[in-house]
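Enquirer: After the C-alpha coordinates below, expect a handful of questions from me.
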Amino acid sequence: MKVHFYLCGLWAVSLTLPATGEEPLNRIHFGSCAKQTEPMPIFQNIVEDRPEVFLMIGDNIYADTEDMTVMRAKYAKLNADPGFSLLRATCPILATWDDHDFGRNDAGTEYAKKRESQKIFSDFWGDSLSSPRRQRPGVYDAHIIGPEGRRVQILLLDTRYFRGPLKTGERRVGGPYYPNDDPAVPMLGEAQWQWLEEQLKRPAEIRIIASSIQFIAEAAGQETWSNLPAERRRMIDLIAKTKASGVVFVSGDRHWSDLSVQRKNVPYPLYDLTSSSLNQPHKRGTPTENRYRETDKTYHQVNFGVVVIDWEGDEPTLEVRIQDLENQTRIRKRIGLSELQPARN
(Lines give C-alpha, C1' and ligand atoms only; values in the text may rest on other atoms or scores of the structure.)
Protein backbone atom coordinates (compact mmCIF):
# COMPACT_ATOMS: atom_id res chain seq x y z
CA MET A 1 0.00 0.00 0.00
CA LYS A 2 1.33 3.40 -0.94
CA VAL A 3 1.53 6.17 1.63
CA HIS A 4 -0.30 9.38 0.77
CA PHE A 5 -0.72 12.13 3.32
CA TYR A 6 -2.50 15.41 2.80
CA LEU A 7 -4.03 17.99 5.09
CA CYS A 8 -7.72 18.64 5.54
CA GLY A 9 -8.03 21.68 7.78
CA LEU A 10 -5.91 20.84 10.81
CA TRP A 11 -6.21 17.07 10.45
CA ALA A 12 -3.67 14.83 8.74
CA VAL A 13 -5.44 12.24 6.64
CA SER A 14 -4.18 8.67 6.53
CA LEU A 15 -3.24 6.16 3.88
CA THR A 16 -5.14 5.43 0.70
CA LEU A 17 -6.67 2.07 -0.14
CA PRO A 18 -5.13 -0.16 -2.80
CA ALA A 19 -6.95 0.05 -6.10
CA THR A 20 -9.25 -2.65 -7.40
CA GLY A 21 -7.12 -5.21 -9.19
CA GLU A 22 -4.11 -4.86 -6.91
CA GLU A 23 -3.12 -7.25 -4.12
CA PRO A 24 -5.91 -9.03 -2.22
CA LEU A 25 -7.03 -7.94 1.22
CA ASN A 26 -6.25 -10.41 4.01
CA ARG A 27 -6.65 -8.62 7.34
CA ILE A 28 -9.54 -6.28 8.16
CA HIS A 29 -9.69 -4.85 11.67
CA PHE A 30 -12.54 -2.86 13.17
CA GLY A 31 -13.83 -1.34 16.37
CA SER A 32 -16.30 1.06 17.92
CA CYS A 33 -16.89 3.26 20.95
CA ALA A 34 -13.78 5.33 21.64
CA LYS A 35 -14.19 8.11 24.18
CA GLN A 36 -11.69 10.77 23.22
CA THR A 37 -11.02 11.93 26.79
CA GLU A 38 -9.92 8.48 28.01
CA PRO A 39 -6.68 6.55 27.36
CA MET A 40 -6.71 4.41 24.20
CA PRO A 41 -3.93 1.81 24.56
CA ILE A 42 -5.88 -0.57 22.34
CA PHE A 43 -4.71 1.27 19.22
CA GLN A 44 -1.13 0.15 19.88
CA ASN A 45 -2.35 -3.46 20.04
CA ILE A 46 -4.23 -3.06 16.78
CA VAL A 47 -1.11 -1.75 15.04
CA GLU A 48 0.91 -4.69 16.37
CA ASP A 49 -1.69 -7.07 14.86
CA ARG A 50 -0.82 -5.81 11.34
CA PRO A 51 -4.12 -4.44 10.01
CA GLU A 52 -4.37 -3.79 6.28
CA VAL A 53 -7.44 -1.62 6.75
CA PHE A 54 -9.26 -0.47 9.88
CA LEU A 55 -12.99 0.23 10.08
CA MET A 56 -14.19 2.80 12.63
CA ILE A 57 -17.84 1.84 12.74
CA GLY A 58 -19.36 4.30 15.16
CA ASP A 59 -19.11 6.28 18.38
CA ASN A 60 -15.64 7.19 17.15
CA ILE A 61 -15.92 10.18 19.47
CA TYR A 62 -18.51 11.10 22.08
CA ALA A 63 -19.64 14.46 20.73
CA ASP A 64 -23.17 14.62 22.21
CA THR A 65 -23.64 18.24 21.28
CA GLU A 66 -25.29 20.63 18.84
CA ASP A 67 -22.32 22.99 19.17
CA MET A 68 -20.12 22.31 16.15
CA THR A 69 -17.13 24.03 17.77
CA VAL A 70 -17.34 21.50 20.58
CA MET A 71 -17.64 18.64 18.08
CA ARG A 72 -14.55 19.76 16.17
CA ALA A 73 -12.61 20.01 19.41
CA LYS A 74 -13.53 16.44 20.32
CA TYR A 75 -12.36 15.16 16.95
CA ALA A 76 -9.12 17.07 17.48
CA LYS A 77 -8.74 15.33 20.84
CA LEU A 78 -9.02 11.93 19.14
CA ASN A 79 -6.56 12.97 16.44
CA ALA A 80 -4.01 13.99 19.10
CA ASP A 81 -4.03 10.55 20.72
CA PRO A 82 -0.61 8.92 19.99
CA GLY A 83 -2.07 5.46 19.45
CA PHE A 84 -4.73 6.70 17.05
CA SER A 85 -2.13 8.76 15.17
CA LEU A 86 0.05 5.66 14.87
CA LEU A 87 -2.88 3.64 13.52
CA ARG A 88 -3.67 6.39 11.04
CA ALA A 89 -0.07 6.27 9.81
CA THR A 90 -0.12 2.45 9.59
CA CYS A 91 -3.13 1.59 7.44
CA PRO A 92 -6.13 3.17 5.71
CA ILE A 93 -9.08 3.92 8.00
CA LEU A 94 -12.65 3.79 6.73
CA ALA A 95 -15.41 5.20 8.92
CA THR A 96 -19.11 5.50 9.48
CA TRP A 97 -20.85 6.93 12.52
CA ASP A 98 -23.23 5.94 15.30
CA ASP A 99 -25.27 8.13 17.62
CA HIS A 100 -22.60 9.80 19.76
CA ASP A 101 -20.43 10.98 16.86
CA PHE A 102 -23.57 11.73 14.83
CA GLY A 103 -24.38 14.17 17.59
CA ARG A 104 -26.69 12.86 20.30
CA ASN A 105 -27.38 9.60 22.17
CA ASP A 106 -29.85 7.38 20.26
CA ALA A 107 -30.52 10.16 17.74
CA GLY A 108 -31.92 9.68 14.26
CA THR A 109 -33.14 11.92 11.48
CA GLU A 110 -34.59 14.44 13.96
CA TYR A 111 -31.10 15.57 15.08
CA ALA A 112 -31.03 19.26 14.16
CA LYS A 113 -27.34 19.55 13.26
CA LYS A 114 -26.98 16.47 11.06
CA ARG A 115 -25.83 18.42 7.98
CA GLU A 116 -23.22 20.32 9.93
CA SER A 117 -22.11 17.13 11.68
CA GLN A 118 -21.68 15.37 8.34
CA LYS A 119 -19.39 18.12 7.07
CA ILE A 120 -17.19 17.83 10.14
CA PHE A 121 -17.17 14.04 9.76
CA SER A 122 -16.08 14.30 6.12
CA ASP A 123 -13.40 16.83 7.01
CA PHE A 124 -11.97 14.68 9.76
CA TRP A 125 -11.92 11.42 7.79
CA GLY A 126 -10.41 13.08 4.75
CA ASP A 127 -13.16 12.76 2.18
CA SER A 128 -12.02 14.34 -1.07
CA LEU A 129 -13.87 17.34 -2.42
CA SER A 130 -15.39 15.05 -5.07
CA SER A 131 -16.47 12.38 -2.56
CA PRO A 132 -20.17 11.42 -2.76
CA ARG A 133 -20.29 12.00 1.00
CA ARG A 134 -19.76 15.70 0.33
CA GLN A 135 -22.48 15.78 -2.30
CA ARG A 136 -25.42 13.95 -0.66
CA PRO A 137 -27.01 13.41 2.76
CA GLY A 138 -25.61 10.48 4.77
CA VAL A 139 -22.11 9.07 5.30
CA TYR A 140 -22.65 5.65 3.70
CA ASP A 141 -19.71 4.50 1.59
CA ALA A 142 -18.40 1.56 -0.47
CA HIS A 143 -15.06 0.17 -1.62
CA ILE A 144 -13.94 -2.91 -3.56
CA ILE A 145 -10.38 -4.08 -3.00
CA GLY A 146 -8.42 -6.84 -4.70
CA PRO A 147 -8.10 -8.67 -8.02
CA GLU A 148 -10.85 -10.65 -9.74
CA GLY A 149 -11.54 -13.84 -7.79
CA ARG A 150 -10.23 -12.26 -4.57
CA ARG A 151 -12.30 -9.10 -4.30
CA VAL A 152 -13.47 -7.75 -0.94
CA GLN A 153 -16.31 -5.26 -0.92
CA ILE A 154 -16.59 -3.05 2.17
CA LEU A 155 -19.97 -1.39 2.66
CA LEU A 156 -20.33 1.18 5.42
CA LEU A 157 -23.97 1.89 6.25
CA ASP A 158 -25.42 5.04 7.78
CA THR A 159 -27.98 3.97 10.40
CA ARG A 160 -28.50 7.50 11.80
CA TYR A 161 -29.13 10.20 9.22
CA PHE A 162 -32.43 8.79 7.94
CA ARG A 163 -33.60 6.63 10.84
CA GLY A 164 -37.11 7.32 12.05
CA PRO A 165 -38.39 7.36 15.64
CA LEU A 166 -38.09 4.24 17.77
CA LYS A 167 -40.95 2.74 19.73
CA THR A 168 -40.45 3.00 23.48
CA GLY A 169 -41.96 1.17 26.42
CA GLU A 170 -41.08 -0.16 29.85
CA ARG A 171 -37.33 -0.18 30.25
CA ARG A 172 -35.70 -3.62 30.21
CA VAL A 173 -32.11 -4.68 30.92
CA GLY A 174 -31.02 -3.52 27.47
CA GLY A 175 -33.05 -0.32 27.27
CA PRO A 176 -36.52 1.10 26.52
CA TYR A 177 -36.94 0.18 22.84
CA TYR A 178 -39.42 -2.28 21.33
CA PRO A 179 -39.98 -3.58 17.80
CA ASN A 180 -42.20 -1.43 15.60
CA ASP A 181 -43.86 -3.25 12.70
CA ASP A 182 -44.71 -0.04 10.83
CA PRO A 183 -42.92 -0.38 7.46
CA ALA A 184 -43.04 3.39 6.98
CA VAL A 185 -40.44 3.98 9.70
CA PRO A 186 -37.04 3.99 7.93
CA MET A 187 -33.60 2.82 8.93
CA LEU A 188 -31.59 3.66 5.81
CA GLY A 189 -33.87 5.85 3.71
CA GLU A 190 -34.79 5.24 0.08
CA ALA A 191 -31.69 6.82 -1.48
CA GLN A 192 -29.41 4.65 0.64
CA TRP A 193 -31.44 1.52 -0.13
CA GLN A 194 -31.14 2.20 -3.87
CA TRP A 195 -27.40 2.78 -3.50
CA LEU A 196 -27.04 -0.45 -1.52
CA GLU A 197 -28.86 -2.50 -4.15
CA GLU A 198 -26.53 -1.13 -6.82
CA GLN A 199 -23.50 -1.99 -4.68
CA LEU A 200 -24.63 -5.54 -3.92
CA LYS A 201 -24.96 -6.19 -7.66
CA ARG A 202 -21.28 -5.40 -8.18
CA PRO A 203 -19.01 -8.45 -8.45
CA ALA A 204 -17.13 -9.39 -5.27
CA GLU A 205 -16.26 -12.63 -3.54
CA ILE A 206 -16.52 -11.36 0.06
CA ARG A 207 -18.67 -8.48 1.31
CA ILE A 208 -18.18 -6.90 4.73
CA ILE A 209 -21.23 -4.83 5.69
CA ALA A 210 -20.46 -2.47 8.55
CA SER A 211 -23.52 -1.45 10.58
CA SER A 212 -23.03 0.75 13.62
CA ILE A 213 -25.76 -1.20 15.45
CA GLN A 214 -26.26 -4.97 15.57
CA PHE A 215 -28.03 -6.45 12.57
CA ILE A 216 -28.63 -10.08 13.55
CA ALA A 217 -29.10 -9.88 17.34
CA GLU A 218 -32.69 -9.77 18.54
CA ALA A 219 -34.08 -6.66 20.21
CA ALA A 220 -33.93 -6.75 24.00
CA GLY A 221 -34.47 -3.08 24.71
CA GLN A 222 -31.34 -1.77 23.03
CA GLU A 223 -30.92 -0.22 19.61
CA THR A 224 -30.75 -2.97 16.96
CA TRP A 225 -32.18 -3.55 13.50
CA SER A 226 -34.73 -5.79 15.20
CA ASN A 227 -36.52 -2.66 16.41
CA LEU A 228 -37.51 -2.06 12.79
CA PRO A 229 -38.28 -5.61 11.59
CA ALA A 230 -39.56 -4.51 8.18
CA GLU A 231 -36.23 -2.82 7.46
CA ARG A 232 -34.32 -5.82 8.77
CA ARG A 233 -36.34 -8.11 6.50
CA ARG A 234 -35.76 -5.74 3.59
CA MET A 235 -32.00 -6.17 4.04
CA ILE A 236 -32.25 -9.96 4.01
CA ASP A 237 -34.56 -9.89 0.99
CA LEU A 238 -32.17 -7.54 -0.83
CA ILE A 239 -29.24 -9.89 -0.29
CA ALA A 240 -31.37 -12.69 -1.72
CA LYS A 241 -32.70 -10.59 -4.62
CA THR A 242 -29.24 -9.45 -5.72
CA LYS A 243 -27.74 -12.92 -5.18
CA ALA A 244 -24.95 -11.19 -3.30
CA SER A 245 -22.61 -13.87 -1.99
CA GLY A 246 -20.05 -13.71 0.81
CA VAL A 247 -21.88 -11.28 3.11
CA VAL A 248 -20.66 -10.94 6.70
CA PHE A 249 -21.88 -8.15 8.99
CA VAL A 250 -19.69 -6.34 11.51
CA SER A 251 -21.24 -4.08 14.15
CA GLY A 252 -20.54 -2.16 17.34
CA ASP A 253 -22.43 0.02 19.84
CA ARG A 254 -23.04 -2.48 22.67
CA HIS A 255 -19.91 -2.00 24.82
CA TRP A 256 -19.33 -5.73 24.72
CA SER A 257 -18.54 -8.21 21.97
CA ASP A 258 -20.74 -10.94 20.56
CA LEU A 259 -21.08 -13.26 17.56
CA SER A 260 -24.54 -13.83 16.12
CA VAL A 261 -25.77 -15.93 13.20
CA GLN A 262 -29.17 -16.41 11.58
CA ARG A 263 -29.61 -19.66 9.68
CA LYS A 264 -33.35 -19.74 8.96
CA ASN A 265 -35.29 -17.56 6.51
CA VAL A 266 -32.06 -16.23 4.97
CA PRO A 267 -30.37 -17.00 1.62
CA TYR A 268 -27.43 -18.51 3.54
CA PRO A 269 -26.13 -18.17 7.13
CA LEU A 270 -25.73 -14.48 7.99
CA TYR A 271 -23.08 -13.77 10.61
CA ASP A 272 -22.71 -10.57 12.62
CA LEU A 273 -19.52 -10.01 14.63
CA THR A 274 -19.97 -7.23 17.19
CA SER A 275 -16.87 -5.50 18.57
CA SER A 276 -17.26 -2.89 21.30
CA SER A 277 -15.63 -1.04 22.87
CA LEU A 278 -12.20 0.41 22.16
CA ASN A 279 -11.97 2.06 25.57
CA GLN A 280 -15.44 2.07 27.15
CA PRO A 281 -16.18 -1.41 28.57
CA HIS A 282 -19.69 -2.09 29.82
CA LYS A 283 -19.92 -1.74 33.59
CA ARG A 284 -22.80 -4.18 34.01
CA GLY A 285 -21.07 -7.06 32.27
CA THR A 286 -24.32 -8.93 31.63
CA PRO A 287 -25.30 -9.37 27.98
CA THR A 288 -28.88 -8.97 26.85
CA GLU A 289 -30.77 -11.99 25.54
CA ASN A 290 -29.91 -13.01 21.99
CA ARG A 291 -31.35 -16.19 20.52
CA TYR A 292 -29.00 -15.79 17.55
CA ARG A 293 -25.85 -15.93 19.69
CA GLU A 294 -23.45 -18.36 18.04
CA THR A 295 -21.32 -19.19 21.08
CA ASP A 296 -21.87 -19.06 24.83
CA LYS A 297 -19.14 -16.45 25.06
CA THR A 298 -19.45 -12.70 25.10
CA TYR A 299 -16.56 -10.42 26.01
CA HIS A 300 -16.99 -7.29 28.10
CA GLN A 301 -13.55 -5.69 28.34
CA VAL A 302 -11.71 -3.47 25.87
CA ASN A 303 -11.44 -5.21 22.49
CA PHE A 304 -11.27 -4.97 18.72
CA GLY A 305 -12.57 -7.15 15.88
CA VAL A 306 -10.63 -8.90 13.14
CA VAL A 307 -11.62 -10.61 9.90
CA VAL A 308 -8.75 -12.71 8.54
CA ILE A 309 -9.17 -13.99 4.98
CA ASP A 310 -7.24 -16.98 3.73
CA TRP A 311 -7.45 -17.06 -0.06
CA GLU A 312 -5.28 -20.16 -0.42
CA GLY A 313 -6.23 -23.84 -0.19
CA ASP A 314 -9.19 -25.65 -1.64
CA GLU A 315 -11.56 -22.81 -0.76
CA PRO A 316 -11.18 -19.34 0.73
CA THR A 317 -12.05 -19.03 4.43
CA LEU A 318 -12.79 -16.21 6.81
CA GLU A 319 -11.85 -16.29 10.46
CA VAL A 320 -13.69 -13.71 12.57
CA ARG A 321 -12.14 -12.85 15.92
CA ILE A 322 -12.49 -10.65 18.97
CA GLN A 323 -9.13 -9.74 20.50
CA ASP A 324 -8.39 -8.15 23.87
CA LEU A 325 -5.92 -5.59 25.15
CA GLU A 326 -3.18 -8.25 25.23
CA ASN A 327 -4.01 -9.40 21.68
CA GLN A 328 -5.46 -12.63 23.03
CA THR A 329 -8.38 -14.07 21.07
CA ARG A 330 -11.64 -14.13 23.08
CA ILE A 331 -14.13 -15.14 20.37
CA ARG A 332 -13.28 -17.03 17.18
CA LYS A 333 -15.21 -18.58 14.31
CA ARG A 334 -13.90 -19.98 11.03
CA ILE A 335 -16.27 -19.76 8.06
CA GLY A 336 -15.78 -21.34 4.66
CA LEU A 337 -16.69 -19.08 1.79
CA SER A 338 -18.73 -21.93 0.34
CA GLU A 339 -21.13 -21.48 3.32
CA LEU A 340 -21.89 -17.92 2.21
CA GLN A 341 -23.38 -18.69 -1.20
CA PRO A 342 -27.03 -18.31 -2.25
CA ALA A 343 -28.77 -21.45 -3.47
CA ARG A 344 -28.58 -21.91 -7.22
CA ASN A 345 -31.90 -22.07 -9.03
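The values are calculated or read from the model by the stated rules, or taken from the named source; none is laboratory data. Remember, predicted model here, so these are calculated numbers, not experimental data. Heads up, the Cβs are rebuilt from the backbone with ideal geometry, glycines too, and the neighbour counts pull from every protein chain shown.
Enquirer: Could you check the range 121-165 and list, in sequence order, the residues that are closer than 24 Å to residue 24 by Cα, hydrophobic (A, V, I, L, M, F, W, C) and in a loop (DSSP other than H, G, I, E, B)?
Expert: Those that are closer than 24 Å to residue 24 by Cα, hydrophobic (A, V, I, L, M, F, W, C) and in a loop (DSSP other than H, G, I, E, B): 125, 157.
Enquirer: Can you find a residue in the range 219-230 that is aliphatic (A, V, I, L, M) and within 25 Å of residue 29 (Cα to Cα)?
Expert: Checking the range 219-230: not a single residue is aliphatic (A, V, I, L, M) and within 25 Å of residue 29 (Cα to Cα).
Enquirer: Can you pull out the residues in the range 302-323 that are of a type in the set (Gly, Ala, Ser) and loosely packed, with under 14 Cβ neighbours inside 10 Å?
Expert: Listed by number, the list holds a single entry, 313.
Let's see how each residue does on (1) modelled with pLDDT under 95; (2) surrounded by fewer than 18 Cβ atoms within 10 Å (Cβ to Cβ); (3) more than 20 Å from the chain's Cα centre (by Cα):
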{"site": "201", "(1), (2), (3)": "no, yes, yes"}
{"site": "209", "(1), (2), (3)": "no, no, no"}
{"site": "235", "(1), (2), (3)": "no, no, no"}
{"site": "241", "(1), (2), (3)": "no, yes, yes"}
{"site": "253", "(1), (2), (3)": "no, no, no"}
{"site": "257", "(1), (2), (3)": "no, no, no"}
{"site": "267", "(1), (2), (3)": "no, no, yes"}
{"site": "273", "(1), (2), (3)": "no, no, no"}
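Enquirer: For residues that are among the β-branched types (Val, Ile, Thr) and surrounded by fewer than 20 Cβ atoms within 10 Å (Cβ to Cβ), scanning just the range 275-301, find the one that is modelled with the highest pLDDT.
Expert: Applying the filter and picking the extreme gives 295.
Enquirer: How many residues does the range 148-199 hold that are surrounded by fewer than 14 Cβ atoms within 10 Å (Cβ to Cβ) and basic (Lys, Arg)?
Expert: 1
Enquirer: Here is a follow-up. Take the conditions modelled with pLDDT under 95 and not hydrophobic (A, V, I, L, M, F, W, C) and apply them to residue 128. Does it pass?
Expert: Here the answer is yes, as residue 128 does meet what is asked.
Enquirer: Another question, if that's okay. Just checking, which of 86, 25, 78 is farther than 23 Å from residue 113 by Cβ, of a type in the set (A, V, I, L, M), assigned to a helix (DSSP H, G or I) and out of contact with any His (no Cβ under 7 Å at 6 or more places or on another chain)? Give the derivation first.
Expert: Numbers: 25 fails: assigned to a helix (DSSP H, G or I); 78 fails: farther than 23 Å from residue 113 by Cβ.
Answer to the check: 86.
Enquirer: Give the number of residues within the range 130-175 that are hydroxyl-bearing (Ser, Thr, Tyr) and closer than 21 Å to residue 197 by Cα.
Expert: Qualifying residue count, the range 130-175: 4.
Enquirer: On the basis of being of a type in the set (A, V, I, L, M, F, W, C) and surrounded by 15 or more Cβ atoms within 10 Å (Cβ to Cβ), does residue 86 make the cut?
Expert: It is false that residue 86 is of a type in the set (A, V, I, L, M, F, W, C) and surrounded by 15 or more Cβ atoms within 10 Å (Cβ to Cβ).
Enquirer: I would also like to ask the following. Considering only residues that are in contact with a strand residue (DSSP E or B) (Cβ under 7 Å, 6 or more places away or on another chain) and of a type in the set (Ser, Thr, Tyr), which ones fall in the range 213-245?
Expert: The answer is 224, and nothing else.
Enquirer: Next question, about the same structure. If I filter the range 107-147 down to residues being surrounded by 18 or more Cβ atoms within 10 Å (Cβ to Cβ) and among the acidic types (Asp, Glu), which single residue comes out as nearest to the chain's Cα centre (by Cα)?
Expert: 141
Enquirer: Continuing with this model, one more query. Sort through 330, 334 and tell me the only one that's in contact with a Phe, Trp or Tyr (Cβ under 6 Å, 6 or more places away or on another chain) and part of a strand (DSSP E or B). Outline the logic, then answer.
Expert: On the way: 334 fails: in contact with a Phe, Trp or Tyr (Cβ under 6 Å, 6 or more places away or on another chain).
Testing whether each residue is in contact with a Phe, Trp or Tyr (Cβ under 6 Å, 6 or more places away or on another chain) and part of a strand (DSSP E or B) leaves just 330.
Enquirer: Now for a separate question. Could you tell me whether residue 292 is in contact with a strand residue (DSSP E or B) (Cβ under 9 Å, 6 or more places away or on another chain), of a type in the set (Phe, Trp, Tyr) and within 23 Å of residue 56 (Cα to Cα)?
Expert: Spelling it out, it is not the case that residue 292 is in contact with a strand residue (DSSP E or B) (Cβ under 9 Å, 6 or more places away or on another chain), of a type in the set (Phe, Trp, Tyr) and within 23 Å of residue 56 (Cα to Cα).
Enquirer: Looking at 59, 64, can you tell me which residue is modelled with pLDDT of 95 or more, within 17 Å of the chain's Cα centre (by Cα) and in a loop (DSSP other than H, G, I, E, B)? Before you say what the answer is, go through the steps one by one.
Expert: Numbers: 64 fails: within 17 Å of the chain's Cα centre (by Cα).
Criteria check complete, one pass: 59.
Enquirer: Here's a follow-up. Can you go through 250, 266 and tell me which one is touching a residue at least 60 places away in the same chain (Cβ under 8 Å) and on the phi < 0 side of the Ramachandran plot?
Expert: Details: 266 fails: touching a residue at least 60 places away in the same chain (Cβ under 8 Å).
It is 250.
Enquirer: Among the residues of the range 162-216 satisfying the criterion of being in contact (Cβ under 8 Å) with a residue 24 or more places away in the chain and hydroxyl-bearing (Ser, Thr, Tyr), which is nearest to residue 152 (Cα to Cα)?
Expert: 211
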